[in-house]
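Below is one structure, written out as structure tokens; comments come after it.
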Amino acid sequence: MTLTPPLPPVLSTLPTGLLVDGEWRDATDGGRFDVIDPANGRVLSSIADATPDDAQAALDAAAAAQRSWAGTTSYSRADILRRVYEVLLERREELAWLITREMGKPLADARGEVQYAANFFRWFAEEAVRIRGTHAVAPDGRGQILTVREPVGPCLLITPWNFPLAMGARKIGPALAAGCTIVFKPAPQTPLSTLALAQILQEAGLPDGVLNVLPTTRAAELVEPLLRSGVIRKLSFTGSTHVGKILLEQAASAVVRTSMELGGNAPFIVFDDADLDIAVEAAVAAKMRNMGEACTATNRLYVHEGIAAEFTRRFAARLADMPAGDGEEEGILVGPLIDAPSLAKVERLVADAIAKGARVALGGNADDLAGYLYPPTILTHVPVDADLLTTEIFGPVAPIVTFVDENDVVTRANATEWGLVGYIMTRDLDRAQRMAGALDVGMVGLNTGIVSDVAAPFGGVKESGLGREGGHLGIDEFLNHKYISVAAPKA
């Protein structure tokens with residue numbers, strides 16, 4: 001096996017096994033899988049490939065550790081999370097390199113992801129000590145109503161590959177803060193960031209068995225038995241709507257509590273009164289963050305026909321100034337897509353739109369690019385039957401559709417099974433309020449292309465998911481409310 005030189009120390013000291021009950025171990029059958037660098041196709045590392053037996057061992061460890069972890073003081077849990085925050089920032093450069101190499105995003109974006117991930121641990125360290133219940137006198141005056149919040153129990157956390165460190169932090173942080181133990185399954189494309197995070201959590205003093213990590217290429221064989229076991233009491237999943245529906249069916253068998261952050265088809269609506277400088281920069285952020293490989297990425301740009309030509313010209317100029325290449329190279333702003341199937345999907349969607357009448361304003365051809373790179377692409381005159389208007393693109397392709405009437409664009413924006421986020425560009429306050437209320441989404445970006453914030457509740461409606469992550473609501477997903485009826489004292 002030839003590794004990509006040069007190798008920073010983070011890779012040579014990184015565990016390559018499973019973490020079960022505080023021990024790094026090989027898979028029970030000895031199986032391993034390779035982690036591939038999407039910029040060049042080279043092997044970064046070989047990782048233990050967990051089996052169902054390994055999953056059962058991880059589940060047993062999480063169950064055994066649950067009572068003692070739930071019984072730790074909130075200060076103790078907060079101290080561990082705060083130490084993780086500090087170490088993540090201390091190791092920002094090596095972790096950013098790891099993200100860039102296994103996922104593809106440029107180093108500058110990877111550094112931002114490390115900061116984002118660290119902030120979740122800081123936030124939930126502060127939330128851990130603020131888990132409160134309520135007290136009230138019963139309405140009939142004959143007793144008291146007490147409520148307390150308790151950890152839901154062992155959790156199964158499943159993350160995607162597009163933000164390999166941050167998505168883990170967004171789930172692990174609140175679960176640990178609430179007092180829950182964890183079985184964690186990272187995406188097989190990007191397990192290295194998760195292994196590094198687990199190692200840091202161990203260094204920070206997390207007790208054995210509280211976090212168990214199962215990299216695997218056979219997720220279905222592992223996950224279904226866990227969900228049907230009756231031991232897992234909470235599932236938090238980020239990924240496709242298709243897989244999310246399968247997991248919901250499996251979770252129903254044991255009535256497992258679920259959080260689902262699923263697909264998106266975000267509309268980006270630019271009205272004719274918008275500040276075009278702001279609108280263009282917001283569109284760049286909403287489309288090009290993570291090369292478009294984000295559930296919050298705008299999938300459809302609706303631009304008022306009166307400004308469409310000027311908006312397109314400015315937008316194309318900005319995207320044309322974003323060089324694509326290996327994310328570790330200086331000046332690169334667009335890294336490769338995650339793998340060959342992702343590249344093929346983007347190429348198919350663009351070809352379909354062009355065949356149906358769309359025009360290429362920028363890009364549209366990856367033939368001259370290495371690896372899994374695809375250039376920033378803008379399509380205009382996109383017909384309503386183009387597949388990319390109804391499919392989550394997950395790539396740097398921006399289809400532009402014009403509109404005139406506000407009610408019409410609302411109808412078109414809402415004509416999707418998804419409802420994660422919508423973006424509105426306008427200087428009219430009344431219109432902004434109307435549109436924010438009219439869009440069937442869980443989040444709205446008003447004159448901004450970025451909605452993600454550790455202090456805000458992240459999540460969608462319709463088939464974009466259930467529950468919220470981050471903010472004050474994020475920890476509630478891992479807590480049960482227990483009601484205690486207190487009888488009135490004897491006279």
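Observations on the model:
- Taken over the range 333-409, the percentage of Cα pairs per 5 Å bin, counting from 0 up to the bin with the maximum distance, is 3, 16, 27, 24, 15, 9, 3, 2, 1.
- Distances between placed amide hydrogens fall under 5 Å for Leu479 paired with Val152, all partners being 5 or more residues away or on another chain.
- Residues whose amide H lies under 5 Å from that of Leu362, counting only those 5 or more places away or on a different chain, are Ile378; hydrogens are built 1.01 Å from N in the peptide plane.
- C-alpha center-to-center spacing [the range 117-183, the range 389-404] in angstrom: 36
- Remark: Asp339, Asp405 ranked as Asp405, Asp339, counting other beta-carbon atoms within 10 Å and listing the fewest first.
- Fraction of beta bridges assigned by DSSP in the range 266-453 that are antiparallel (%, nearest 5): 15
- Around the amide H of Val401, modelled in the peptide plane, lie the amide H atoms of Leu301, Tyr302, Val303, all under 5 Å away and 5 or more residues distant in sequence or on another chain.
- Computed from backbone phi, the HN-Hα couplings of the range 188-205 come to x, 6, 9, x, 5, 4, 5, 5, 5, 5, 4, 4, 5, 4, 4, 4, 6, x Hz, rounded to whole numbers (Karplus: 6.51 cos²θ - 1.76 cosθ + 1.60, θ = phi - 60°; Gly and Pro given as x).
- Taking the charge dipole of the range 329-483 about its Cα centre, with +1 at Lys and Arg Cβ atoms and -1 at Asp and Glu Cβ atoms, the residue from Thr448, Ile354, Gly371 reaching farthest to the positive side is Thr448.
- Judged by the mean number of other Cβ atoms found within 10 Å, the most tightly packed of the peptides 277-287, 451-461, 64-74 leads the ranking 277-287, 451-461, 64-74.
- Rounded to 5, the percent of DSSP beta bridges in the chain classed as antiparallel: 45
- Placing +1 on the Cβ of every Lys and Arg and -1 on the Cβ of every Asp and Glu, with nothing else charged, gives the chain a dipole about its Cα centre of roughly 1540 debye.
- Separation of the range 14-66 and the range 322-361, taken as the distance between their Cα centroids, equals 32 angstrom.
- Segments 78-89, 143-154 sorted - mean Cβ within 10 Å per residue, highest first: 78-89, 143-154
- Rounded, prolate or oblate (a/c below 1.5 giving rounded, otherwise prolate when a/b exceeds b/c) for the chain by Cα gyration tensor: oblate
Throughout, read-outs are computed from the coordinates displayed, never taken from laboratory work. These numbers come from a predicted model, not from an experiment. Note: ideal-geometry Cβ built from the backbone for every residue, glycine included; neighbour counts use all protein chains shown.
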